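Heads up: the structure comes next, in structure tokens.
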Amino acid sequence: MQSGDFKALVQSVLDEDLELVRHYLAQGVDPNFIHPEIMALPLVEAVRVSNVSIVNLLLKNGADPKLVSPVGESALKLAKIQKNDSLIVLLQPKRKSSFSLHQLFKKFN
């Protein structure tokens with residue numbers, strides 16, 4: 001990965017260019033890399049522009065919603081500040097169901 005590719009990925013997120021984001025991810029640009037010059041995470045920037053499609057794409061390509069940028073921002077924290085419920089739901093850790101397959105069989109037998 002070239003550092004210029006990472007900067008271009010972040011810029012395509014800010015430009016809300018879904019196809020270009022897809023292109024850079026397909027080229028192997030790491031969505032969790034923090035460039036020392038721009039100090040930004042693509043996922044945080046996607047939340048900043050409130051683009052659900054790009055947030056979904058980044059998550060499907062390995063973006064870690066738990067990462068915190070060097071300036072202390074996380075994607076979930078920013079979504080909560082923005083009161084963006086659709087992004088909050090996407091970014092919150094998924095709870096494991098306590099309902100087991102064994103309980104299902106027991107219920108119907």
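The values are calculated or read from the model by the stated rules, or taken from the named source; none is laboratory data. Just so we're clear, the structure is a prediction, and the values are computed from it rather than from any experiment. Surface accessibility is based on the protein's heavy atoms, side chains included, excluding ligands, DNA and RNA. Shrake-Rupley method; radii C 1.70, N 1.55, O 1.52, S 1.80 Å.
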Accessible-area composition of region 1-57, carbon plus sulfur, in percent [1.4 Å probe]: 47 percent
Starting from 0.36 nm per residue, how many nanometres of slack lie between D15 and K66 once their C-alpha separation is accounted for? 16.0 nm
For region 23-37, what does the Karplus curve 6.51 cos²θ - 1.76 cosθ + 1.60, with θ = phi - 60°, yield as ³J(HN,Hα) per residue in whole Hz, taken in order and with x for Gly and Pro? 4, 5, 5, 5, 7, x, 5, 6, x, 10, 6, 10, 6, x, 8
For region 43-50, in residue order, the Karplus 3J(HN,Hα) values (coefficients 6.51, -1.76, 1.60; θ = phi - 60°; whole Hz; Gly and Pro = x) are 5, 5, 5, 5, 5, 4, 8, 6
Here region 75-91 yields Karplus 3J(HN,Hα) values (6.51, -1.76, 1.60; θ = phi - 60°; whole Hz; Gly and Pro given as x) of 4, 5, 4, 5, 4, 5, 4, 6, 6, 9, 4, 5, 6, 4, 4, 5, 8
For V68, list long-range residues whose amide hydrogen, built 1.01 Å from N in the peptide plane, is under 5 Å from its own amide hydrogen. none
Calculate the translational D of region 1-65 in whole µm² s⁻¹ from Stokes-Einstein, where the hydrodynamic radius comes from the Kirkwood formula applied to all Cα pairs, the temperature is 37 °C and the viscosity 0.692 mPa s. 294 µm²/s
